[in-house]
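Q: Take a look at the following structure, please.
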Amino acid sequence: MISFIRNYIIFLLRCARIAFIGDWRYYAWMGALTIICLLGLNAYAKQLVHGLITTGMSDEVSWGVYIANFTFLVGVAAAAVMMVIPVYIYGNEELHDLVIFGELLAVAAIIMCLAFVTVDLGRPDRFWHLIPGIGQMNFPQSMLSWDVLVLNGYLLLNVHICGYLLYCRYQNKKPTKWFYIPFVFLAIAWAVSIHTVTAFLYVGLGGRPFWNASIVGPRFLASAFTAGPAIIIIALQIIRNFTTYRIKDKALLTLRSIVQVSMIINVFLLACEVFKEFYSGTAHSASAKYLFFGLHGHYALVPWIWTAITFNLIAMVILSLPLSRGLRWLDVACVLSIIGIWIEKGMGLVIPGFIPTPLGAVVDYRPSFNETLVCLGIWAFGFLCYTVFLRMSVPILQGRLSKTNEGQIESEMYKLT
Amino acid sequence: MAKLDPSAQKKSDHTANYWLGGLTAVFFSLTIFFAFNSKPHVAAQPEIPLVDKKFLDTSPWRQTYADLVKAKEDLSDYDCYACHDKAKPPRIRYDTNQKIIIPKEHANIEMSHGTHERNNICYNCHNEQNLNTLQVRDGNVVKFDNIPQLCGSCHGPTLRDWEAGAHGRTSGYWDRQLGDINRLSCANCHNPHAPDIPTREAAPGPHYLHEASSHEPSKSHR
Amino acid sequence: MSRRSFLRGCAAFGGVTALAASLAPLRELGDYTNTEQFLQKYYKELTPSDMTKVITRIEGEVERQYGIRPHVRDLKPMDGVEFVYALNLTRCIGCRKCVHACVKENNQSRSPEIQYIRVLKMPHGSMDVEKGNHNYDSKQVPEKGFFYMPIQCQQCKNPPCVKVCPVNATWQEKDGITVIDYDWCIGCRYCEAACPYWARRFNFTKPQIPKDKINPDMSYLGNRPRKQGVMEKCHFCIQRTRVGKYPACLEACPVGARKFGNILDPNSEVSYILREKRVFIQLKEEMGTSPRFFYYFDK
């Protein structure tokens, strides 16, 4: 038992150590991220002192880019499952070793989600009121309490799966199936649930007709399953280019077909929604009018949504053509769909739900500088986490960092390339 | 990016050292920046002026005869026979359009009770026989301090609402066991000669949170 | 290699220093919270002696901040009472006196401005709030061709705000008033998104009330001054109505358009109105919220 704990602590220490070591590109990248993180943290400290007045939010538009980013990132986290399904259900070989990168991305995304929710709170000092047992959790009534449970549960599941598999690889042991396979299947169901619950957060509000539509849930899943694997493709491309870790083209192309199908479904669902809003022309389409065409002289979101739609359409066309079997084009399509969906789910879903207000007032929302800094800080922190996770896991998966070379001169295996 | 030859390796090491040194410098400058800058990056909020006191005044618009009696104020205006002759009830005169001619002694009276100026006979309410009292159409005499009975003789449903507390201003206690309800009388709000509520100035409208920073609220779209 | 380690150390040290410095604004946190407040239990779990302590703390805080010793009470709902509000749209002239009487009574922030009541200027012939004008600025109200509709918390029987609150910081009491425990709210603003009547307000910064404008007659769930970062809304003037008085907005209304009382008492004004008047409206009835706030016309 004691030796087990000792080994595990050594494992953690070596992982922590390696996170601080790399070549100049690594230092430049990590340094830049740290600087942005610190600027964000500083901005958040100001927000804590002066209140959310430092953001662009108001009683009219009471959620802004924080919750928008949160919503997007829940989707990214949920999408890790899109790599797990082919591997564990269909026995896909190409993706087998790459699943762990998807799950690590999920962990980083959930960390960012939790950060975005926290910065959105007016009284973060009272977070403990949410903890079941010592606080008061309005479960199962409040969708937000569901969200807290499923997000934290998903975080734990993924940390367990990744941590266990990596530690086994480090020890050169074969992982015990019953110790992670049940969790993998649980995580698949759980991933769908985190995104559905997040969609229900909006869908459940009868007073906001723009959200109170059953299509929001399916659209959330479709857009998540587009943006998530797209991000994983980009991440794998980076791993391929900056480390010696070998990733086959075929793996990327498997992911491509996932992005391809999801994007087509996503655009189709968008078309369904647009038809419903504009053909019937009921009073309930005011938010959609504001989003797509502007309302009563307010056009704040119009350029955003048309950019998103243009990007999504271009991405869909590229993905549907054989052209995107070329990895350069695939990269372009992925980047376009990531940006397109980020806008569509953030500026395109969260903000217009508030405009006009239930009393018909039209007040624009524009994120403030301080708010933008906080967002950038959290994104940088997420990238920092993911980079660190990759920095640790790549040498472990390659066998360069393992229990057998514990005593060895470490400089050799710390090398990035 | 396979194996680098030793000289390239050395060069790469140097670059890493420069980056680390640079980062250290940047971190320390950030420290200084943070230490001297704690103002949030938002426009200072404009101070919203306090609302004018007149909009907080909740006193009745008008005082009734009963109020004047209670406040022991000058009631000489209600002593009609200081000017009029008890034996000679004043005659009402009309112009060629059948519009009432208001004598200059009563120039402050605006006669607009009812539509089409049909309700233009003073003795609909004032008692011809005793100007210091009022009278209901059935001939019952009403004192100046009992106006609801007079008004209610024509405005029955309104009187019924008023008695139930559903018409007119109330204050005090909704729970009659804990305190009294204070109910204003007809003439506290309505001028008997021109009972329509006059228009008045509205108190200032809402101020928006980010008015200063180009978040112009929707000005009236109507 | 040792030079590299040294430089890494320098960078790490620099990073930690910058991290500490980035938190410098927190020096100005001031009375954001304190141990007693941080550890305070949930309202419904407070024993009477806990409540006495909490009230003493609040009175002390108000006195320190505003230089006036308030009288804070924890008023419980009365038995056999369910409050209902009725507003006569035929009478309302849109003068907004209720708005400002409410601000004064309930210690709302003056700058930035928090108001529980929003008056809409509506064109004749529509109950669609989207046609309403919030910002009318009239020298003479009422204007011809319009009616005026004040909107505040509707004290719903099925309140969506209560359903969505993740920490039970808002709930419906048995007299029908939906209240907020300002010391329990975490400020997530989910209730604000859920309310179909836009009745909830958030303290985006520390509320500002001039010292001489404080109303010292306070209640815990009612008009005691709020903190930065929590929700608030109309609570039918708990500090008045739970001791039998009318709410402040009612008394301020110059035309008697506002009526309030106990619907369980058949002799109350509101019982009379709901019985006798023909045209009364629950705003956005299709939401299924079943408001205790009724609009009616009587002419």
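Q: In the list B:Pro60, B:Pro103, which residue meets the criterion of being of a type outside the set (Phe, Trp, Tyr) and closer than 30 Å to C:Cys98 by Cα?
A: Sole residue among the options that is of a type outside the set (Phe, Trp, Tyr) and closer than 30 Å to C:Cys98 by Cα: B:Pro60.
Residues checked against (1) within 14 Å of chain B (Cβ to nearest Cβ); (2) over 20 Å from A:Leu48 (Cα atoms):
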site: C:Ser2; (1), (2): yes, yes
site: C:Ala20; (1), (2): yes, no
site: C:Arg27; (1), (2): yes, no
site: C:Tyr32; (1), (2): no, no
site: C:Met51; (1), (2): no, yes
site: C:Ile58; (1), (2): no, yes
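Q: State whether the residues of region B:41-56 include one that is under 30 Å from C:Thr17 (Cβ atoms), at pLDDT below 90 and among the aliphatic types (A, V, I, L, M).
A: yes
Q: Which residues, counting only those in region C:118-128, are buried (at least 20 other Cβ atoms within 10 Å of the Cβ) and farther than 13 Å from C:Leu89 by Cβ?
A: C:Arg118 - this is the single residue of region C:118-128 that is buried (at least 20 other Cβ atoms within 10 Å of the Cβ) and farther than 13 Å from C:Leu89 by Cβ.
Q: Could you tell me how many of the residues in region C:111-135 are of a type in the set (Gly, Ala, Ser), away from chain A (no Cβ under 11 Å) and free of Cβ contacts under 8 Å to residues at least 24 places away in the same chain?
A: 1
Q: With the requirement that a residue be outside any loop (DSSP other than H, G, I, E, B) and more than 13 Å from chain C (Cβ to nearest Cβ), what does region A:340-369 give you?
A: Across region A:340-369, the qualifying residues are A:Gly340, A:Ile341, A:Trp342, A:Ile343, A:Glu344, A:Lys345, A:Gly346, A:Met347, A:Gly348, A:Phe369.
Residue by residue, here is whether (1) part of a helix (DSSP H, G or I); (2) modelled with pLDDT of 95 or more; (3) of a type in the set (Val, Ile, Thr); (4) in contact with a Pro (Cβ under 8 Å, 6 or more places away or on another chain) holds:
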| position | (1), (2), (3), (4) |
| --- | --- |
| C:Ala199 | no, yes, no, no |
| C:Met218 | no, yes, no, yes |
| C:Arg224 | no, yes, no, yes |
| C:Gln239 | yes, yes, no, no |
| C:Pro266 | no, yes, no, no |
| C:Phe280 | no, no, no, no |
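Q: Which one is nearest to C:Thr90 (Cα to Cα) among residues in region C:247-261 that are at the interface with chain B (Cβ under 7 Å from one of its Cβ atoms) and assigned to a strand (DSSP E or B)?
A: Per the criteria, the residue is C:Lys259.
Q: Another question, if that's okay. Criterion first (at the interface with another protein chain (Cβ under 10 Å from one of its Cβ atoms) and either among the acidic types (Asp, Glu) or not in a helix (DSSP H, G or I) (or both)) does C:Val103 satisfy it?
A: No, not satisfied.
Q: Could you list, in sequence order, all residues of region C:35-70 that are of a type in the set (Val, Ile, Thr) and assigned to a helix (DSSP H, G or I)?
A: C:Thr35, C:Thr52, C:Val54, C:Ile55, C:Thr56, C:Ile58, C:Val62
Q: Now for a separate question. Restricting attention to region A:56-75, does a residue exist that is among the small types (Gly, Ala, Ser) and part of a helix (DSSP H, G or I)?
A: Yes, because at least one residue in region A:56-75 is among the small types (Gly, Ala, Ser) and part of a helix (DSSP H, G or I).
Q: Go through region A:211-224 and give me each residue that's touching a residue at least 40 places away in the same chain (Cβ under 8 Å) and surrounded by fewer than 24 Cβ atoms within 10 Å (Cβ to Cβ).
A: A:Trp211, A:Ala213, A:Ile215, A:Val216, A:Pro218, A:Arg219, A:Leu221, A:Ala222
Q: Please go through region A:112-133 and give me each residue that is more than 10 Å from chain C (Cβ to nearest Cβ) and either crowded, with 20+ Cβ neighbours inside 10 Å or outside any helix (DSSP H, G or I) (or both), ordered by number.
A: A:Met112, A:Cys113, A:Ala115, A:Phe116, A:Val119, A:Pro132, A:Gly133, listed by residue number.
Q: Out of the residues in region A:250-290 meeting the condition of being of a type in the set (D, E, K, R) and surrounded by 15 or more Cβ atoms within 10 Å (Cβ to Cβ), tell me which one is farthest from the other protein chains (Cβ to nearest Cβ).
A: Top of the filtered list is A:Arg256.
Q: If I ask for residues that are crowded, with 16+ Cβ neighbours inside 10 Å and more than 12 Å from chain B (Cβ to nearest Cβ), which ones from region C:265-279 would you list?
A: none
Q: Shifting gears a bit: Here is a check on your reading of the model: is C:Ala248 under 15 Å from C:Cys102 (Cβ atoms), touching an Asp or Glu at 6+ places or on another chain (Cβ under 7 Å), among the aliphatic types (A, V, I, L, M) and buried (at least 22 other Cβ atoms within 10 Å of the Cβ)?
A: Yes, satisfied.
Q: Quick one: what pairs do we get from region C:136-151, first residue more than 7 Å from every other protein chain (Cβ to nearest Cβ), second surrounded by fewer than 16 Cβ atoms within 10 Å (Cβ to Cβ) and part of a strand (DSSP E or B), C-beta under 9 Å, 6+ apart or different chains?
A: Note: pairs meeting the criteria are C:Gly145/C:Pro123; C:Phe146/C:Pro123; C:Phe147/C:Pro123; C:Phe147/C:Phe297.
Q: Further question on the same structure: Within region C:93-130, track down each residue that is hydrophobic (A, V, I, L, M, F, W, C) and under 22 Å from the mean Cα position of the chain (by Cα).
A: Hits for region C:93-130 are C:Cys95, C:Cys98, C:Val99, C:Ala101, C:Cys102, C:Val103, C:Ile114, C:Ile117, C:Val119, C:Leu120, C:Val129.
The values are calculated or read from the model by the stated rules, or taken from the named source; none is laboratory data. Here the structure is a predicted model, which is why all the values come from computation and not from measurement. Because the Cβ atoms are built from the backbone with ideal geometry, glycine has one as well, and the counts that use them run over all protein chains shown.
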